[in-house]
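S.K.: Sharing a structure here in structure tokens format.
Nothing in this text is a laboratory measurement; each read-out follows from the coordinates by a stated rule. Keep in mind that this is a model prediction, so the values were computed, not measured. Note that we place each Cβ from the backbone using ideal geometry, even for glycine, and neighbour counts take in every protein chain shown.
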Amino acid sequence: MLFDTLAHMNSQTHFGYESVDVSEKADKVMGVFSSVANKYDIMNDAMSAGMHRLWKRRMFSVAAVKPGSTVLDVAAGSGDISIGFMKKMKREGRVILTDLNGSMLAEGARRVLDEGLLPGKADCIQSDGTKLAFADNSFDVVSIAFGLRNFVDIEAGLAEFYRVLKPGGQFICLEFSRPVLPLLDVAYDAYSFNVIPAMGEWITGDRDSYQYLVESIRRFPDQKRFAKLIDWAGFELVKHENMTGGIVALHRGYKC
């Protein structure tokens, strides 16, 4: 009986505040992003009041990309991170967009083509972030923005990022985190749980997906705990910086 109970607990994970079987989470996350793919960028602007553009600009400024770099953008979504990296590289390099969700990856493909980035410069490859379809030591930079908290197994994802990075390569991650300023957490919770789901229903017709988004942020490790996970995955020189009072954190580590 005890063995059966432990086995059941080990097969469980979280989908927002809901407990689900590990085998179910990926499908549920796929459903969320398939539902909102064509309004994803509009919602990002609306719910962050445009602040996500400033967070991403900071990500670009500290990313170790330069002309000739090869970059893997995981959970690439609508492609804005990949496009930003290509602009920083002055289009002299290569970025691969990968995402498990085909609808989101199609949005990314459309965006990079609209930017005039042709295959060989920007390529879209559907792949599971915990089982990347790339060889060891392939990339100068591996990036992920607002995607890692959706992984079924965060540690497995970090291990894969480490594996495909070249020695000396940089892992960089932008993710929602925990407010560090007094009383900001109270205001942030009120906004998150009362405004964002309603906004999601109004703009995308999907309240549940944005309720999940809010809950998934709260379930993700805080800044210090996530930094430890990056360190345990083998990365060195691990650091993070808070933005907007800790609502978002930018994490970095290197494969030495």
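S.K.: Just to verify a number: FRET efficiency for W202 and C256, C-beta to C-beta distance, R0 = 35 Å, to 0.05?
M.R.: 0.15
S.K.: Could you give me the ³J(HN,Hα) list for the stretch 110-122, computed from phi with Karplus coefficients 6.51, -1.76, 1.60 and θ = phi - 60°, whole Hz, x at Gly and Pro?
M.R.: 4, 5, 5, 5, 4, 7, x, 8, 8, x, x, 9, 9
S.K.: Across 5 Å bins from 0, what is the distribution of all Cα-Cα pair distances for the stretch 98-210, in whole percents?
M.R.: Result, from short to long distances: 2, 10, 13, 17, 19, 15, 12, 9, 4, 0 percent.
S.K.: How far apart, in nanometres, would the label points at K224 and R58 be if each is projected 7 angstrom from Cα along the Cα-to-Cβ direction?
M.R.: 2.0 nm
S.K.: Next up: Taking a label point 7 Å from the Cα of K90 along the Cα→Cβ vector, which residues of the stretch 122-137 have an amide N closer than 20 Å to it?
M.R.: 122
S.K.: Let me ask something else. For a 26 Å ceiling on Cα separation, which of these pairs sit above it: K121/K239; K88/K224; K166/K239?
M.R.: Too far apart for the 26 Å limit: K121/K239; K88/K224.
S.K.: Averaging over every viewing direction, what projected area does the convex hull of the Cα atoms of the stretch 134-183 cover, in nm²?
M.R.: 4.5 nm²
S.K.: Taking 4 °C and 1.567 mPa s as the conditions, I'd like the Stokes-Einstein D for the chain in µm²/s, using the Kirkwood hydrodynamic radius from alpha carbon pairs.
M.R.: The diffusion coefficient I find is 69 µm²/s.
S.K.: Taking the mean number of other Cβ atoms within 10 Å as a proxy for protection, how do you rank 43-49, 91-97 from highest to lowest?
M.R.: Final packing ranking: 91-97, 43-49.
S.K.: Further question on the same structure: What does the highest-first list of 153-160, 138-145 look like by mean Cβ count within 10 Å?
M.R.: For the peptides 153-160, 138-145, the packing ranking is 138-145, 153-160.
S.K.: Debye calculation, C-alpha points only, no solvent: report log10 I(q)/I(0) for the stretch 85-132 at q = 0.20, 0.25, 0.28 Å⁻¹, in the same order as the q values.
M.R.: -0.65, -0.91, -1.04
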